[in-house]
1. Which of Ala155, Ala37, Ala175 moves most in a GNM of the chain, Cα contacts under 10 Å?
2. On C-alpha positions alone, give me the angle between the axis of helix 168-190 and the longest principal axis of the chain, in degrees, nearest 10.
3. So what's the gap between the Cα centers of segment 41-66 and segment 152-192, to the nearest angstrom?
4. How far, in degrees from 0 to 90, does helix 18-27 lean away from the longest principal axis of the Cα atoms of the chain, to the nearest 10?
5. Binning at 10 angstrom from zero up to the longest distance, how are the C-alpha pair distances of the chain distributed in percent?
6. Just want the ordering: Trp127, Trp87, from fewest to most Cβ atoms lying within 10 Å of their own Cβ.
7. List the pairs from Lys66/Lys128; Lys50/Lys128; Lys66/Lys135; Lys104/Lys185; Lys128/Lys156; Lys97/Lys128 whose alpha-carbon separation is above 22 Å, in the order I gave them.
8. Can you tell me the orientation of helix 111-122 relative to the chain, as the angle in degrees between its alpha-carbon axis and the longest Cα principal axis, to the nearest 10?
Amino acid sequence: MINSMCSHASDARIGERRDSIERRLFASGGIVYRDDAIETTRRRGMPYVKYLEYLSGSSDVRIYFKTSDGRRPASSELEERRMSNGWDLHVVYVGGKSVIEVYKRSQGITEHEFNHLMALHAEGSFWKRVSQEEKAEEVSAFGFDMLRDDGQVRAKKIGADAVMFVDAEADVRLAQMNTSDLQEKAPVSVEGF
């Protein structure tokens with residue numbers, strides 16, 4: 001189980017405390033989904049879902065919604081099957097701190113929005129594109145396209161409408177736990193052949 005994965009500065013977006021994220025998000029018109037059916041639909045297909053079993057009991061997943069224009073949405077605008085115009089923000093917290101964040105747009109993310117999200121998560125550093133050779137050498141649960149220069153945060157664009165940021169240490173640990181789990185289950189799955 002992963003209990004504490006964030007060892008770096010507390011002022012970073014990844015590694016930021018839940019109350020800080022929520023204060024900033026709610027002040028700009030964001031809400032947290034409270035309907036289980038909507039939450040279940042929004043989680044479908046998210047890359048972090050298969051790794052939740054490896055997180056400690058102190059983990060929590062919150063899914064937030066923010067309209068594109070910054071106004072607070074009416075509950076009648078929130079549909080289970082269709083995302084309203086705006087952003088879903090999926091945050092996986094461990095020990096009250098963010099370790100995975102997925103920003104999903106109701107339509108494609110523009111280049112300007114993508115660049116702005118990258119700048120927000122740069123935290124005074126910069127991003128490096130990772131080559132195929134470098135990716136092959138790194139252990140990763142999710143895969144990544146960009147690495148923050150300090151090596152503490154990884155980023156990956158997911159299709160045309162989402163981008164994921166993950167604590168590098170958490171990414172490695174989740175990959176290692178998944179590999180260990182698969183190795184443990186392998187003898188049972190092929191028994192009797």
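1. Comparing Ala155, Ala37, Ala175 in a Gaussian network model of the chain, the most mobile one is Ala37.
2. Around 50 degrees separate the two axes.
3. That distance is 14 Å.
4. 30 degrees
5. 8, 34, 36, 16, 4, 1
6. Ascending number of Cβ neighbours within 10 Å: Trp127, Trp87.
7. As for pairs spanning more than 22 Å Cα to Cα, those are Lys66/Lys128; Lys50/Lys128; Lys66/Lys135; Lys104/Lys185; Lys97/Lys128.
8. 70 degrees
Here, each number is a calculation from the coordinates, and none is a lab measurement. If you're wondering where the values come from, they're calculated on a predicted model, not measured in any experiment. Using ideal geometry, Cβ is built from the backbone for each residue, glycine included, and neighbour counts are taken over all protein chains shown.
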